[in-house]
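To keep things clear, I will list the structure first and then write my remarks on it.
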Amino acid sequence: MINLAAFKTPVFQIFSMLVSLIMLQGCGGQRDEPFDPGSLPCSSSSTSSSIIGASSTSSSSMSSATSSCGSSSSKSSSIASSSSKSSTISSSSVSSTTLDITLIGSGTQTHTAIDTTERNVQVMKNDTDFNNFSDAYANENIADQDFDNGQVILIDDGAIDGCGAHLEFLSKLSTENVGANSLKIILEYVEKPTLNPCTPSVSRPFYFYYIKSTKLLVFEDKIVQ
């Protein structure tokens, strides 16, 4: 016959407590597999977005995702939007820059004869050079420019045979920063084919631009289709 009084002794009660503690430790041991966020009630995508968006606070992001699925989802969307905007701003600042560029004079025939017939680009950084070139090219006076804060470039298309194949400047240019003290000027041209039949004609298109920058200029031709 079982003696029930033995189960009520202090020794048995202590033994029972030890057995219970051992069983609890077995249930809370380390996992063999990495924690899977997909096992949470809320979607795994919202949790992973929060962690990627703020890697330095991944623990707190995971906790908030576990406790509140709705708030985690809205926060992750905001982070994704902010990240894409930052990429756009960064790419723009690295690849290009916006400058004050003004067309101050142009023509299709030069005022005086020019020695070379080839396409060329000239840079003027002072009044003397600017006056010499503007007098030689333009039929009318071009206003004085501020050379303390900028410079003038002359884009000369050279002598063009209207019937022959040639490059034609599109009056389009863009800029890129290539260093702390250098600026790239990209000139856009289009290829013109030989025309036959054609009435012969010769022109000399030229363009004066004022660029509000004192950086060293580097030029690049870009052929567009």
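The numbers here are math on the coordinates, done by the rules we state, and not lab data. Please read all numbers here as calculations on a predicted model, not as lab measurements. Glycine also receives a Cβ, built like all others from the backbone with ideal geometry; neighbour counts cover every protein chain displayed.
For this structure, a couple of remarks:
- Put in order of Cβ neighbour count within 10 Å, fewest first, the listed residues TYR137, TYR207 become TYR207, TYR137.
- Coupling constants for the range 172-181 follow from the phi torsions by the Karplus curve (6.51 cos²θ - 1.76 cosθ + 1.60, θ = phi - 60°), and in residue order they are 10, 8, 9, 10, 9, 6, 10, x, 5, 10 Hz; glycine and proline get x.
- Amide H contacts under 5 Å for GLY158: ASN120, restricted to partners 5 or more places along the chain or on a different chain, H placed in the peptide plane at 1.01 Å from N.
- Extended-chain gain in nm, criterion 0.36 nm per residue less alpha-carbon gap, THR199 and LYS172: 6.9 nm
- Charge context of SER182, other residues only, Cβ under 14 angstrom, K/R +1, D/E -1: 0
- Per-residue HN-Hα couplings for the range 140-146 [Karplus 6.51, -1.76, 1.60; θ = phi - 60°; Hz; x = Gly/Pro]: 10, 5, 9, 4, 4, 10, 8
- Rounded to the nearest whole Hz, the Karplus-based 3J(HN,Hα) values (6.51 cos²θ - 1.76 cosθ + 1.60, θ = phi - 60°) of the range 125-130 follow the sequence 10, 8, 5, 4, 4, 4, with x at glycine and proline.
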